1. Which of the residues belonging to the stretch 28-38 are modelled with pLDDT of 75 or more and either closer than 18 Å to Gln57 by Cβ or in contact with a strand residue (DSSP E or B) (Cβ under 6 Å, 6 or more places away or on another chain) (or both)?
2. Within the stretch 174-198, can you find the residues that are of a type outside the set (Phe, Trp, Tyr), assigned to a helix (DSSP H, G or I) and closer than 14 Å to Leu221 by Cβ?
3. For Val254, which of the numbered conditions (1) more than 16 Å from ligand 1 (Cβ to nearest atom); (2) among the β-branched types (Val, Ile, Thr); (3) within 13 Å of the chain's Cα centre (by Cα) fails to hold?
4. Within the bounds of the stretch 267-281, is there any residue that is surrounded by fewer than 16 Cβ atoms within 10 Å (Cβ to Cβ), assigned by TED's automatic domain parsing to the domain that holds Arg216 and not in a helix (DSSP H, G or I)?
5. Scan the stretch 1-32 for residues that are hydrophobic (A, V, I, L, M, F, W, C) and either assigned to a helix (DSSP H, G or I) or more than 32 Å from the chain's Cα centre (by Cα) (or both) and jot them down.
6. Filter the stretch 167-182 down to the residues that are within 9 Å of ligand 2 (Cβ to nearest atom) and within 14 Å of Glu281 (Cβ to Cβ) and list them by number.
7. With modelled with pLDDT under 95, out of contact with any helix residue (DSSP H, G or I) (no Cβ under 8 Å at 6 or more places or on another chain) and away from ligand 2 (no atom under 16 Å from the Cβ) as the only criterion, which of Val270, Val299 stands out?
Amino acid sequence: MKGRLRSSVGEDVYSSWFARMDLESVQDESVHLSVPTRFLKSWIQTHYSDKVLSCWQAELPEVSRIDLTVRSPVRCAAPAKDVPAPVESRRDEQRPTAERSNGAVPVSASHDALGGSPLDPRLTFASFVVGRSNTLAHAAAKQVAEGRRGDPVMFNPLYIHSGVGLGKTHLLQAVTWAGNAGNERKVLYLTAEKFMYGFVAALKTQTSLAFKEALRGIDVLVIDDLQFLQGKTTQAEFCHTLNALIDAGRQVVVAADRPPSDLESLDERVRSRLAGGLVVEMAPLGEDLRLGILRSRVVAARAHHVSFDVPQPVLEYLARTITHNGRDLEGAINRLLAHSKLNNQPVTLEMAEHEVRDLIRPSEPKRIKIEDIQRIVARQYNVSRSDLLSSRRTANVVRPRQVAMYLAKTLTLRSLPEIGRRFGGRDHTTVLHAVRKIEGLVSKDTTLSDEVETLKRQLQE
Ligand code: ADP
Ligand code: MG
């Protein structure tokens with residue numbers, strides 16, 4: 001039956017749309033088939049329902065109806081065996097001869113089909129400054145970029161997370177540039193939004209086939225800002241893509257602003273698959289690293305503006321005071337450059353203090369983590385962190401636990417169910433109860449409200 005369909009629609013169409021179609025049952029005159037996503041279902045229904053029916057009728061004349069349903073749940077954690085793996089031979093067989101004759105398909109071709117995200121030529125390994133907070137992420141990214149086609153994949157996916165402006169995009173684009181430089185492998189960089197947009201656009205213009213083909217033909221898929229991936233269909237497609245690529249030994253690199261466990265809108269199976277590779281956090285930039293980044297920015301600026309220079313004391317001042325974000329370091333140098341060019345003046349400390357004063361935000365709120373809350377609350381009340389997560393119900397543990405849940409709700413953006421999970425798998429109603437309880441108490445009990453204030457201050461430091 002599958003063979004008949006395959007020869008009827010052609011190999012390309014078949015492997016894109018029907019490879020994941022399963023037969024559920026045949027009953028009298030109706031055939032029940034299933035596919036893993038709604039997207040596939042609607043596509044097959046609108047474009048191929050007659051084909052499918054006539055193929056069945058050729059074998060079983062009594063069949064008069066095809067029922068197509070979406071299989072659930074999405075089998076993300078299990079290797080997707082029925083999936084056409086993105087193996088090399090497939091590409092070579094299917095590429096039109098014109099493309100095959102000159103070797104690999106040009107990168108831009110797949111970028112077009114996929115709506116690949118534009119790359120910034122400045123974001124390379126050469127301009128990436130390595131320091132204590134990003135050593136591991138840098139080493140892992142380098143390793144990925146230097147991999148050769150066919151090399152065993154060491155960690156898959158590579159998942160990098162950090163707060164904003166700490167170099168995730170820089171590192172991911174560096175991997176893309178370096179990986180594509182050899183022309184041997186194809187590295188595709190997509191923001192999560194582009195990934196989604198690619199699908200929607202492909203659906204509208206009916207080029208999904210090209211999209212899927214292009215996705216299969218790449219060696220390294222790089223996805224930036226994964227926290228923006230939304231929508232059930234896209235998630236299912238992402239999940240499938242992830243499985244297919246990883247199972248075929250292709251590398252996947254992902255960046256997000258939080259660890260996989262905190263990507264609340266994502267399906268549990270996607271989260272666990274993401275957490276199953278190497279997860280690396282990049283810490284805030286240390287002062288040395290900030291100094292290094294400033295220096296490299298000055299060097300880059302001097303390539304076009306030979307007379308531009310920033311004296312050492314100014315660099316040190318900037319590195320000491322602009323603490324939160326790589327983007328502001330870049331902004332500071334740009335302003336000094338603009339100011340000294342326009343006024344034809346050398347850069348001085350006084351000028352720097354004046355020019356960058358709004359970039360110095362001492363009270364920049366920092367990203368507070370549930371683990372930090374648990375650690376600091378445990379220390380304050382002299383219990384252990386595992387006590388807080390345990391099921392013990394003695395008063396000396398219950399109150400600190402409630403305080404910690406309350407702080408988790410008020411100081412982070414985590415949802416009640418997520419907080420419950422992170423406190424030993426409790427129900428969200430338990431968390432809600434704790435939050436209400438402490439809210440009620442702090443308005444009456446000054447000792448407790450002082451304690452809570454102290455804890456907040458410690459956490460925000
Ligand atoms: P993110 O994607 O984590 O929000 P970006 O990669 O966009 O951060 O980095 C913000 C800015 O800081 C960019 O201009 C980037 O080049 C710079 N930057 C961050 N970390 C480094 C680093 N280690 N070396 C050089 N530049 C860096
Ligand atoms: Mg980024």
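1. Within the stretch 28-38, Asp28, Glu29, Ser30, Val31, His32, Leu33, Ser34 qualify.
2. Val175, Thr176, Gly179, Asn180, Ala192, Lys194, Gly198, listed by residue number.
3. Of (1) more than 16 Å from ligand 1 (Cβ to nearest atom); (2) among the β-branched types (Val, Ile, Thr); (3) within 13 Å of the chain's Cα centre (by Cα), only one is false for Val254: (1).
4. Within the stretch 267-281, one or more residues are surrounded by fewer than 16 Cβ atoms within 10 Å (Cβ to Cβ), assigned by TED's automatic domain parsing to the domain that holds Arg216 and not in a helix (DSSP H, G or I).
5. Matches in the stretch 1-32: Met1, Leu5, Val9, Val13, Trp17, Phe18, Leu23, Val26, Val31.
6. Result: Gly167, Lys168.
7. Residue meeting the stated conditions: Val299.
This table checks each residue for (1) over 17 Å from Ile223 (Cβ atoms); (2) at pLDDT 90 or above; (3) within 13 Å of ligand 1 (Cβ to nearest atom).
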position: Ala80; (1), (2), (3): yes, no, no
position: Ala85; (1), (2), (3): yes, no, no
position: Gly103; (1), (2), (3): yes, no, no
position: Ala113; (1), (2), (3): no, no, no
position: Phe125; (1), (2), (3): yes, yes, yes
position: Leu171; (1), (2), (3): no, yes, yes
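The values are calculated or read from the model by the stated rules, or taken from the named source; none is laboratory data. These figures come from a predicted structure and were not determined experimentally. Glycine also receives a Cβ, built like all others from the backbone with ideal geometry; neighbour counts cover every protein chain displayed.
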